[in-house]
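**Q** This structure is in C-alpha coordinates; I'll ask about it shortly.
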Amino acid sequence: RALELDLRDALGNGEFEVHYQPVFDLQENRIGGFEALLRWNHPTRGQVSPAEFISLAEEIGLIVPLGEWVLRTACAEAATWPKYIKLAVNVSVAQFKNAHLFEIVTSSVRASGLSPRRLELEITESLLLANNTATLAKLHELRDFGVRIAMDDFGTGYSSLNYLRSFPFDKIKIDQSFVSGMTNRDGSRAIVKAMTAMASSLGIRATAEGVETQEQLAWLRAAGCDEAQGFLFSRALPAAQLPGLIHQWN
Ligand code: G
Ligand code: G
Ligand code: MN
Ligand code: NA
(Lines give C-alpha, C1' and ligand atoms only; values in the text may rest on other atoms or scores of the structure.)
(Ligands and ions follow the chains in the order given, each with its own letter.)
Protein backbone atom coordinates (compact mmCIF):
# COMPACT_ATOMS: atom_id res chain seq x y z
CA ARG A 1 0.00 0.00 0.00
CA ALA A 2 1.36 3.37 -1.04
CA LEU A 3 2.36 5.87 1.62
CA GLU A 4 0.07 8.42 0.01
CA LEU A 5 -3.05 6.29 0.60
CA ASP A 6 -2.08 5.74 4.22
CA LEU A 7 -1.44 9.45 4.64
CA ARG A 8 -4.95 10.27 3.44
CA ASP A 9 -6.40 8.16 6.29
CA ALA A 10 -3.89 9.01 8.99
CA LEU A 11 -5.54 12.14 10.36
CA GLY A 12 -8.95 10.48 10.67
CA ASN A 13 -7.31 7.43 12.25
CA GLY A 14 -5.62 9.51 14.92
CA GLU A 15 -2.12 8.45 13.86
CA PHE A 16 -0.50 11.87 14.26
CA GLU A 17 1.05 13.17 17.42
CA VAL A 18 2.73 16.47 18.26
CA HIS A 19 6.08 16.38 20.02
CA TYR A 20 7.78 19.45 21.49
CA GLN A 21 11.45 20.38 21.42
CA PRO A 22 12.60 22.92 24.03
CA VAL A 23 14.13 26.22 22.97
CA PHE A 24 16.55 27.37 25.66
CA ASP A 25 16.69 31.07 26.54
CA LEU A 26 20.39 31.85 27.01
CA GLN A 27 19.72 35.09 28.88
CA GLU A 28 17.20 33.69 31.35
CA ASN A 29 18.93 30.30 31.54
CA ARG A 30 15.70 28.39 31.31
CA ILE A 31 13.35 27.00 28.68
CA GLY A 32 11.83 29.93 26.79
CA GLY A 33 9.66 27.98 24.42
CA PHE A 34 8.90 24.76 22.60
CA GLU A 35 8.78 24.02 18.89
CA ALA A 36 5.92 21.73 17.87
CA LEU A 37 7.19 18.91 15.66
CA LEU A 38 4.75 16.56 14.01
CA ARG A 39 5.10 12.78 14.32
CA TRP A 40 3.26 10.13 12.34
CA ASN A 41 2.84 6.79 14.08
CA HIS A 42 2.20 4.56 11.09
CA PRO A 43 0.42 1.29 12.00
CA THR A 44 2.99 -0.95 10.27
CA ARG A 45 5.97 1.24 9.34
CA GLY A 46 6.35 2.72 12.81
CA GLN A 47 7.27 6.36 13.21
CA VAL A 48 7.55 8.13 9.86
CA SER A 49 9.59 11.36 9.75
CA PRO A 50 7.94 14.60 8.68
CA ALA A 51 10.82 14.94 6.21
CA GLU A 52 9.19 11.98 4.43
CA PHE A 53 5.55 13.06 4.53
CA ILE A 54 5.26 16.88 4.76
CA SER A 55 5.93 17.42 1.05
CA LEU A 56 3.59 14.54 0.20
CA ALA A 57 0.93 16.10 2.43
CA GLU A 58 1.43 19.36 0.52
CA GLU A 59 1.00 17.58 -2.83
CA ILE A 60 -2.24 15.85 -1.89
CA GLY A 61 -3.71 18.92 -0.19
CA LEU A 62 -3.65 17.32 3.24
CA ILE A 63 -1.31 19.92 4.68
CA VAL A 64 -4.10 22.43 5.32
CA PRO A 65 -6.27 20.21 7.58
CA LEU A 66 -3.14 18.60 9.04
CA GLY A 67 -1.54 21.97 9.75
CA GLU A 68 -4.77 23.16 11.37
CA TRP A 69 -4.80 20.07 13.56
CA VAL A 70 -1.21 20.75 14.65
CA LEU A 71 -2.02 24.39 15.47
CA ARG A 72 -5.14 23.53 17.47
CA THR A 73 -3.44 20.69 19.33
CA ALA A 74 -0.28 22.65 20.11
CA CYS A 75 -2.10 25.86 21.16
CA ALA A 76 -4.31 23.87 23.53
CA GLU A 77 -1.23 22.18 24.99
CA ALA A 78 0.75 25.44 25.30
CA ALA A 79 -2.10 27.07 27.21
CA THR A 80 -1.30 24.66 30.08
CA TRP A 81 2.40 25.69 30.29
CA PRO A 82 3.82 28.45 32.52
CA LYS A 83 3.04 31.81 30.89
CA TYR A 84 6.68 32.71 30.14
CA ILE A 85 6.96 29.72 27.79
CA LYS A 86 6.19 30.30 24.12
CA LEU A 87 5.07 27.96 21.35
CA ALA A 88 6.55 27.77 17.85
CA VAL A 89 4.66 26.05 15.04
CA ASN A 90 5.97 25.36 11.53
CA VAL A 91 3.79 26.61 8.71
CA SER A 92 4.38 25.17 5.25
CA VAL A 93 4.12 27.16 2.05
CA ALA A 94 0.80 25.66 0.95
CA GLN A 95 -0.66 26.19 4.39
CA PHE A 96 0.46 29.80 4.46
CA LYS A 97 -0.96 30.50 1.02
CA ASN A 98 -4.34 28.99 1.94
CA ALA A 99 -7.06 31.65 2.00
CA HIS A 100 -8.20 30.61 5.49
CA LEU A 101 -4.84 30.72 7.26
CA PHE A 102 -5.63 33.85 9.27
CA GLU A 103 -9.00 32.47 10.44
CA ILE A 104 -7.39 29.14 11.33
CA VAL A 105 -4.70 30.86 13.40
CA THR A 106 -7.06 33.23 15.19
CA SER A 107 -9.62 30.55 15.93
CA SER A 108 -6.95 28.12 17.24
CA VAL A 109 -5.57 30.83 19.51
CA ARG A 110 -8.99 31.92 20.78
CA ALA A 111 -10.25 28.37 21.35
CA SER A 112 -7.16 27.55 23.41
CA GLY A 113 -7.10 30.72 25.47
CA LEU A 114 -3.40 31.12 24.63
CA SER A 115 -2.23 34.72 24.33
CA PRO A 116 -1.37 35.36 20.65
CA ARG A 117 1.94 36.84 21.87
CA ARG A 118 2.98 33.37 23.00
CA LEU A 119 2.55 31.91 19.51
CA GLU A 120 5.28 32.09 16.90
CA LEU A 121 4.87 30.86 13.33
CA GLU A 122 7.98 29.53 11.60
CA ILE A 123 8.07 30.06 7.88
CA THR A 124 10.77 29.18 5.38
CA GLU A 125 12.31 31.34 2.72
CA SER A 126 10.68 29.28 -0.04
CA LEU A 127 7.47 31.13 0.84
CA LEU A 128 9.11 34.46 0.09
CA LEU A 129 10.58 33.58 -3.32
CA ALA A 130 7.69 35.21 -5.11
CA ASN A 131 8.10 38.30 -2.91
CA ASN A 132 4.49 39.20 -3.47
CA THR A 133 2.33 41.74 -1.76
CA ALA A 134 -0.23 39.12 -0.67
CA THR A 135 2.41 37.36 1.45
CA LEU A 136 3.51 40.65 2.96
CA ALA A 137 -0.08 41.65 3.76
CA LYS A 138 -0.72 38.28 5.40
CA LEU A 139 2.40 38.54 7.55
CA HIS A 140 1.33 41.99 8.72
CA GLU A 141 -2.21 40.79 9.44
CA LEU A 142 -0.85 37.97 11.60
CA ARG A 143 1.52 40.29 13.44
CA ASP A 144 -1.25 42.82 14.03
CA PHE A 145 -3.20 40.01 15.67
CA GLY A 146 -0.21 39.55 17.97
CA VAL A 147 1.56 36.41 16.77
CA ARG A 148 5.30 36.46 16.06
CA ILE A 149 6.97 35.40 12.83
CA ALA A 150 10.26 33.52 12.67
CA MET A 151 12.36 32.78 9.59
CA ASP A 152 13.27 29.09 9.79
CA ASP A 153 16.49 27.56 8.38
CA PHE A 154 17.98 31.05 8.13
CA GLY A 155 20.98 31.37 5.85
CA THR A 156 20.23 28.39 3.62
CA GLY A 157 17.95 30.23 1.22
CA TYR A 158 18.54 32.03 -1.98
CA SER A 159 18.22 35.56 -0.68
CA SER A 160 18.12 35.49 3.11
CA LEU A 161 19.29 39.04 3.70
CA ASN A 162 16.97 40.50 1.14
CA TYR A 163 13.99 38.75 2.77
CA LEU A 164 15.04 40.06 6.14
CA ARG A 165 14.86 43.56 4.72
CA SER A 166 11.54 43.11 2.91
CA PHE A 167 9.45 41.13 5.39
CA PRO A 168 8.53 41.70 9.04
CA PHE A 169 10.33 39.07 11.11
CA ASP A 170 10.61 38.84 14.88
CA LYS A 171 13.25 36.13 14.86
CA ILE A 172 15.71 34.22 12.73
CA LYS A 173 16.42 30.56 13.36
CA ILE A 174 20.03 30.02 12.34
CA ASP A 175 20.20 26.81 10.35
CA GLN A 176 21.86 23.88 12.07
CA SER A 177 24.43 23.53 9.28
CA PHE A 178 26.10 26.75 10.52
CA VAL A 179 26.02 25.54 14.12
CA SER A 180 27.56 22.17 13.30
CA GLY A 181 30.27 23.95 11.30
CA MET A 182 31.25 26.17 14.22
CA THR A 183 33.85 23.78 15.55
CA ASN A 184 35.52 23.41 12.15
CA ARG A 185 37.59 26.07 10.47
CA ASP A 186 35.16 26.72 7.66
CA GLY A 187 34.02 30.22 8.55
CA SER A 188 30.78 29.10 10.19
CA ARG A 189 31.76 30.67 13.49
CA ALA A 190 32.27 34.08 11.89
CA ILE A 191 29.02 33.72 9.97
CA VAL A 192 27.02 32.83 13.09
CA LYS A 193 28.58 35.79 14.88
CA ALA A 194 27.64 38.11 12.03
CA MET A 195 24.08 36.74 11.83
CA THR A 196 23.62 37.24 15.56
CA ALA A 197 25.01 40.78 15.44
CA MET A 198 22.83 41.61 12.48
CA ALA A 199 19.70 40.26 14.19
CA SER A 200 20.55 42.26 17.28
CA SER A 201 20.96 45.51 15.37
CA LEU A 202 17.68 44.87 13.55
CA GLY A 203 15.99 44.37 16.92
CA ILE A 204 15.04 40.77 16.27
CA ARG A 205 15.94 37.60 18.14
CA ALA A 206 18.35 34.90 16.98
CA THR A 207 17.91 31.22 17.79
CA ALA A 208 20.60 28.67 16.97
CA GLU A 209 19.31 25.29 15.84
CA GLY A 210 20.88 21.86 16.08
CA VAL A 211 23.03 22.62 19.13
CA GLU A 212 24.62 19.33 20.15
CA THR A 213 27.75 20.13 22.17
CA GLN A 214 28.85 22.32 25.07
CA GLU A 215 31.54 23.75 22.82
CA GLN A 216 28.96 24.97 20.31
CA LEU A 217 26.91 26.42 23.15
CA ALA A 218 29.91 28.31 24.50
CA TRP A 219 30.56 29.84 21.07
CA LEU A 220 26.89 30.79 20.73
CA ARG A 221 26.90 32.49 24.13
CA ALA A 222 30.06 34.37 23.16
CA ALA A 223 28.41 35.45 19.92
CA GLY A 224 25.48 36.86 21.89
CA CYS A 225 22.90 34.46 20.50
CA ASP A 226 19.53 34.77 22.30
CA GLU A 227 18.32 31.17 22.22
CA ALA A 228 19.58 27.67 21.51
CA GLN A 229 17.74 24.53 20.49
CA GLY A 230 19.10 21.05 19.94
CA PHE A 231 19.86 17.61 21.25
CA LEU A 232 22.23 19.10 23.86
CA PHE A 233 19.09 20.22 25.71
CA SER A 234 16.56 17.67 24.51
CA ARG A 235 15.05 16.08 21.43
CA ALA A 236 11.35 16.67 20.82
CA LEU A 237 9.25 14.98 23.50
CA PRO A 238 5.59 13.99 23.94
CA ALA A 239 3.47 16.58 25.79
CA ALA A 240 3.25 14.43 28.92
CA GLN A 241 7.02 14.71 29.47
CA LEU A 242 7.17 18.51 29.34
CA PRO A 243 6.27 19.40 32.95
CA GLY A 244 9.23 17.37 34.20
CA LEU A 245 11.57 19.00 31.69
CA ILE A 246 10.34 22.52 32.53
CA HIS A 247 10.84 21.81 36.23
CA GLN A 248 14.33 20.42 35.64
CA TRP A 249 15.53 23.55 33.83
CA ASN A 250 13.72 26.10 35.96
O1 G B 1 11.81 16.90 13.91
P2 G B 1 12.21 16.80 12.56
O3 G B 1 12.67 15.52 11.97
O4 G B 1 11.10 16.19 13.08
O5 G B 1 11.40 17.62 11.44
C6 G B 1 11.71 17.45 10.10
C7 G B 1 11.16 18.58 9.25
O8 G B 1 9.74 18.57 9.27
C9 G B 1 11.61 19.95 9.74
O10 G B 1 12.01 20.67 8.60
C11 G B 1 10.36 20.55 10.31
O12 G B 1 10.32 21.95 10.08
C13 G B 1 9.24 19.85 9.55
N14 G B 1 8.04 19.78 10.37
C15 G B 1 7.90 19.16 11.56
N16 G B 1 6.64 19.34 12.05
C17 G B 1 5.99 20.11 11.13
C18 G B 1 4.67 20.66 11.06
O19 G B 1 3.83 20.52 11.96
N20 G B 1 4.36 21.38 9.95
C21 G B 1 5.26 21.60 8.95
N22 G B 1 4.87 22.31 7.91
N23 G B 1 6.51 21.11 8.99
C24 G B 1 6.88 20.38 10.07
O1 G C 1 11.66 23.00 11.63
P2 G C 1 13.07 22.58 11.36
O3 G C 1 13.43 22.44 9.93
O4 G C 1 14.02 23.47 12.02
O5 G C 1 13.19 21.16 12.06
C6 G C 1 14.07 20.88 13.03
C7 G C 1 14.68 19.55 12.69
O8 G C 1 15.97 19.44 13.28
C9 G C 1 13.89 18.38 13.20
O10 G C 1 14.04 17.35 12.32
C11 G C 1 14.59 18.05 14.50
O12 G C 1 14.34 16.75 14.94
C13 G C 1 16.03 18.27 14.10
N14 G C 1 16.93 18.56 15.21
C15 G C 1 16.62 19.22 16.34
N16 G C 1 17.71 19.33 17.16
C17 G C 1 18.73 18.74 16.50
C18 G C 1 20.10 18.55 16.81
O19 G C 1 20.62 18.96 17.85
N20 G C 1 20.84 17.89 15.88
C21 G C 1 20.34 17.44 14.72
N22 G C 1 21.14 16.79 13.89
N23 G C 1 19.04 17.60 14.38
C24 G C 1 18.24 18.25 15.26
MN1 MN D 1 11.27 24.80 12.53
NA1 NA E 1 14.95 24.94 10.96
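Table: residues versus (1) at pLDDT 95 or above; (2) touching a helix residue (DSSP H, G or I) at 6+ places or on another chain (Cβ under 6 Å); (3) part of a loop (DSSP other than H, G, I, E, B).
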position	(1), (2), (3)
I172	yes, yes, no
M182	no, yes, no
A190	no, no, no
F231	yes, no, yes
Q241	yes, no, no
H247	no, no, no
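**Q** To continue, here is another question. Given the criterion at pLDDT 95 or above, aromatic (F, W, Y), within 16 Å of ligand 4 (Cβ to nearest atom) and on the phi < 0 side of the Ramachandran plot, identify the matching residue among F16, F24.
**A** Answer to the selection: F24.
**Q** Something else about it: Is segment 125-134 home to any residue that is out of contact with any helix residue (DSSP H, G or I) (no Cβ under 7 Å at 6 or more places or on another chain), away from ligand 3 (no atom under 16 Å from the Cβ), over 22 Å from V93 (Cα atoms) and not in a helix (DSSP H, G or I)?
**A** no
**Q** Considering only segment 69-110, how many residues are in a helix (DSSP H, G or I), within 20 Å of A236 (Cα to Cα) and in contact with a helix residue (DSSP H, G or I) (Cβ under 6 Å, 6 or more places away or on another chain)?
**A** Of the residues in that region, 5 qualify.
**Q** Mind listing whichever residues of segment 111-124 are in contact with a helix residue (DSSP H, G or I) (Cβ under 9 Å, 6 or more places away or on another chain), away from ligand 4 (no atom under 16 Å from the Cβ) and either of a type in the set (V, I, T) or over 24 Å from R39 (Cα atoms) (or both)?
**A** Scanning segment 111-124 gives G113, S115, P116.
**Q** Any idea which of V18, V48, V23 is surrounded by 17 or more Cβ atoms within 10 Å (Cβ to Cβ), in contact (Cβ under 8 Å) with a residue 60 or more places away in the chain, within 12 Å of ligand 1 (Cβ to nearest atom) and among the aliphatic types (A, V, I, L, M)?
**A** Step by step, each of V18, V48, V23 is checked, and only V18 is surrounded by 17 or more Cβ atoms within 10 Å (Cβ to Cβ), in contact (Cβ under 8 Å) with a residue 60 or more places away in the chain, within 12 Å of ligand 1 (Cβ to nearest atom) and among the aliphatic types (A, V, I, L, M).
The values are calculated or read from the model by the stated rules, or taken from the named source; none is laboratory data. None of these values were measured; they are calculated from a predicted model. Reconstructed Cβ throughout: ideal geometry from the backbone, glycine too, with neighbour counts over all protein chains shown.
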